[in-house]
1. Let me confirm something: among 25, 85, which residue is surrounded by fewer than 16 Cβ atoms within 10 Å (Cβ to Cβ) and at positive phi?
2. Six or more apart or on different chains, Cβ atoms under 7 Å: show the pairs whose first residue is in the stretch 171-183 and free of Cβ contacts under 8 Å to residues at least 60 places away in the same chain and whose second is assigned to a helix (DSSP H, G or I).
3. From 32, 28, which residue is at pLDDT 95 or above, over 15 Å from residue 10 (Cα atoms) and touching a strand residue (DSSP E or B) at 6+ places or on another chain (Cβ under 9 Å)?
4. Just give me the residues in the stretch 100-123 being exposed (fewer than 14 other Cβ atoms within 10 Å of the Cβ) and either in contact (Cβ under 8 Å) with a residue 40 or more places away in the chain or within 20 Å of residue 32 (Cβ to Cβ) (or both), in sequence order.
5. When residue 93 is evaluated against the numbered criteria (1) more than 26 Å from residue 168 (Cα to Cα); (2) touching a residue at least 12 places away in the same chain (Cβ under 8 Å); (3) surrounded by 15 or more Cβ atoms within 10 Å (Cβ to Cβ); (4) touching a helix residue (DSSP H, G or I) at 6+ places or on another chain (Cβ under 9 Å), which criterion, by number, is the only one it fails?
6. Got a sec? Which of 214, 199 is modelled with pLDDT under 55, touching a strand residue (DSSP E or B) at 6+ places or on another chain (Cβ under 8 Å) and either surrounded by fewer than 11 Cβ atoms within 10 Å (Cβ to Cβ) or more than 20 Å from residue 17 (Cα to Cα) (or both)?
7. Using the structure shown, decide if residue 56 is in contact with a helix residue (DSSP H, G or I) (Cβ under 7 Å, 6 or more places away or on another chain) and farther than 26 Å from residue 149 by Cβ.
8. Of the residues in the stretch 128-161, how many are surrounded by 15 or more Cβ atoms within 10 Å (Cβ to Cβ), at negative phi, in a loop (DSSP other than H, G, I, E, B) and out of contact with any helix residue (DSSP H, G or I) (no Cβ under 7 Å at 6 or more places or on another chain)?
């Protein structure tokens, strides 16, 4: 049984998707937030998952916060740490501490549009497709070996909210899938790239997963 700790900062919809997926061989050991009022904490408690708060405002700097966060995580001896809408930039030391077992989801087709306001920037740039990326975390912001991506069309008349909803629906598909692959031991890192096992390939899963339709939904 693989132990997973999920980090959130807000309502935690991607955390909910992972919990609801009920991945065989996985146990959600804890949900930890840097914000005491994060809505996702209530969902976790309602599902019998341990919750913790490590408030970043109570620490003098990023290093002190990351040390406290790491101590809280390590209490649960996780095999995997999942960043599900965790809105803090982590120090290099923290990333190295969980190297190879730290997954993040980003609302763009990386390496395009790292950082914030991805949907606005996608619309402003005139791209025809947008999407989401699950990747292993490295010291560089929104960088690291890509595990899986979902592509959605950018439609005429889209605003940020419409595009964000369409992308979020795909995030809820691909993040549990990436976690499932990790739990099953199907992800391998070779020369800085993710290689999926033959078992995954035989099931028809590719690194880029087109959206099944153009409809929105969160």
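The values are calculated or read from the model by the stated rules, or taken from the named source; none is laboratory data. Just so it is clear, the structure is predicted and the values come from calculations on it, not from any experiment. Here Cβ is always computed from backbone atoms with ideal geometry, including for glycine, and neighbour counts include all displayed protein chains.
1. Working: 85 fails: surrounded by fewer than 16 Cβ atoms within 10 Å (Cβ to Cβ).
So the residue among 25, 85 that is surrounded by fewer than 16 Cβ atoms within 10 Å (Cβ to Cβ) and at positive phi is 25.
2. Filtered contacts from the stretch 171-183: 181/200.
3. Selected residue: 28, the only one of 32, 28 that is at pLDDT 95 or above, over 15 Å from residue 10 (Cα atoms) and touching a strand residue (DSSP E or B) at 6+ places or on another chain (Cβ under 9 Å).
4. Taking the stretch 100-123 and keeping what is exposed (fewer than 14 other Cβ atoms within 10 Å of the Cβ), we get 100, 111, 115-117.
The answer is 100, and nothing else.
5. Failing condition for residue 93: (3).
6. Numbers: 199 fails: touching a strand residue (DSSP E or B) at 6+ places or on another chain (Cβ under 8 Å).
Within the list 214, 199, the selection yields 214.
7. Values: in contact with a helix residue (DSSP H, G or I) (Cβ under 7 Å, 6 or more places away or on another chain): yes; farther than 26 Å from residue 149 by Cβ: yes.
Yes; evaluated as a whole, the condition is true for this residue.
8. 2
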